[in-house]
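Bear in mind that the values in this text are calculations on the coordinates, not laboratory data. Given the structure is predicted, the values throughout are model-derived calculations rather than measurements. FYI the Cβ positions are ideal-geometry reconstructions off the backbone, even for glycines, and counts take in every protein chain you see.
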Amino acid sequence: MKLLACLICSFFILCLSPMLSQTNYDENKVPPFEVPDPLLTFNGKKIESVKKWENTRRPELLHFFESNVYGKLPKSLKIDSYTILEQDNNALNGKAKRKQVELTFKNNNKTLRYTILIYLPKHIVKAPIFLGYNFYGNHTITEDKAVLISTAWANNNESFGIENNTLTKESRGKRAHRWAVEKILDAGYGLATIYYGEVDPDKNDFSDGVHHLMYQQNQNKPNPEEWGSIAAWSWGMVRALDYFEKDPDLDASKVIAFGHSRLGKTSLWAGATDTRFAGVISNDSGCGGAALSKRKFGETVGSINSSFPHWFCDNFNQYSNNEEALPVDQHQLLALIAPRPLYVASAEEDQWADPRGEFLAAHYASQVYHLYGKKGIESMEMPKANEPIHNTVSYHIRTGKHDVTDYDWKNYIEWANSFVK
Ligand code: GCU
């Protein structure tokens, strides 16, 4: 058995090492490239006013990212109905109001359901709220035994006790360290989370999730310009916001989209496509998120498209190992969030996500914030670890690994206090 495991391991190392050895972690090997100007239209017209940005440049950039990066939604799909599955006004030892709300969507005789877990600080009326996906089910973010366990498909994970793609109570609280629930509530914020696998299972299979509700006759995968999984997950956040508008306990104008890693790519795209989000947080989102693609540092467009072919639209493959040809870069995705507050965070040991590329993107996006008279990341010099810069565009790099820590939450809360309180 051990021998077999060893052989399998060596096989993977042999297969993967050429790929890994090509990964660039050397700043001196970053190719020279031109940073596409957010304030110059594709036709070369200079944008000097908010009006021109909003009427001309922003729509053309949004359209480019829609058709060539994340993919368009085939048509709109709104909430059919919702059900409060569970509610407790004395949750977490009396600290919070907890609600578990199931949204239902219907199209083509098919149904999709997903559940939002909501904690609200008990004594605050219409508190601002962080909304973000989790990777392994709502029950993993807290020890709270009342949190329902999703029956949706999940990636197997031995340390979480997930076998046969099924979530169980064994993983309750396993990700609690990533969600500073008590700190968030004590600071006067709510927290809402959804298991991303309920909206679209994270596998290269388009026969399930929200995609399969939306096909035309005889269609079984999205067209080349249509949505991949990141756009599907972003759609799920936007529909959660629709629900918040109907819930008298919530103020939908004070919702901050949060996400880590692939789910940080998702929060950015949600914030770009729906201006109702009051602010956006990208935690270690890396390639296809906050990091500049043209630097080809750490994960590249080629590697992400080959490892996760379902995340972006098929049109994005044109830029695999061909980042030079991209007429945009990710700072322009960040700029689509302007003038709303944006927080980009990196981790020192998370070189795969290219912290410098994430920082520079926040810097280059700031030009658009300037049009609105807002302050962004002004210097091109990266701050030292654990020395956050808090402006309308904020940035920090913390010590440690690819993760979400209490340090990250402490900063998100401080930054949010300056605009939603
Ligand atoms: C992989 C992937 C990243 C992604 C990360 C995650 O490392 O290459 O792009 O951000 O998974 O979501 O955890």
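Return the FRET efficiency for the residue pair SER81, SER253: r is the Cβ-Cβ distance, R0 is 30 Å, and the value is rounded to the nearest 0.05.
Result of the calculation: an efficiency of 0.80.
Translational diffusion coefficient of the range 217-342 at 37 °C, 0.692 mPa s, Stokes-Einstein with Kirkwood Rh over Cα pairs, in µm²/s as a whole number.
In µm²/s, the coefficient rounds to 215.
For the range 60-417, I need the span (max minus min coordinate) of the C-alpha atoms along each principal axis, in Å, sorted largest to smallest.
51, 51, 40
In nm, to one decimal, how far is the LYS401 label point from the ASP186 one, both placed 7 Å along Cα→Cβ?
The modelled label-to-label distance comes out at 2.6 nm.
Sort 306-313, 44-51 by packing, meaning the average of other beta carbons within 10 Å per residue, with the highest value first.
Top to bottom by mean Cβ count within 10 Å: 306-313, 44-51.
What are the principal axis extents of the Cα atoms in the range 109-162, in Å, biggest first?
Projected onto the principal axes, the Cα atoms of the range 109-162 cover 39, 37, 19 Å.
How much length would be gained if the chain were fully extended between LYS122 and LYS375, taking 0.36 nm per residue of separation minus their Cα-Cα distance, in nm to one decimal?
87.7 nm
Sort 215-226, 396-407 by the packing proxy (mean of other Cβ within 10 Å over each peptide's residues), most packed first.
The packing order, highest mean first, is 396-407, 215-226.
Quick check: from the Cα gyration tensor, does the range 91-189 come out rounded (a/c under 1.5), prolate or oblate?
Numbers: a/c = 2.44, a/b = 1.30, b/c = 1.88.
Because a/c hits 1.5 or more and a/b fails to exceed b/c, the range 91-189 counts as oblate.
Using the per-residue mean of other Cβ atoms lying within 10 Å as a proxy for protection, in what order, highest first, do the peptides 250-259, 288-297 fall? Working shown, then result.
Values: 250-259: 23.9, 288-297: 26.8.
Most protected by this proxy first, the peptides run 288-297, 250-259.
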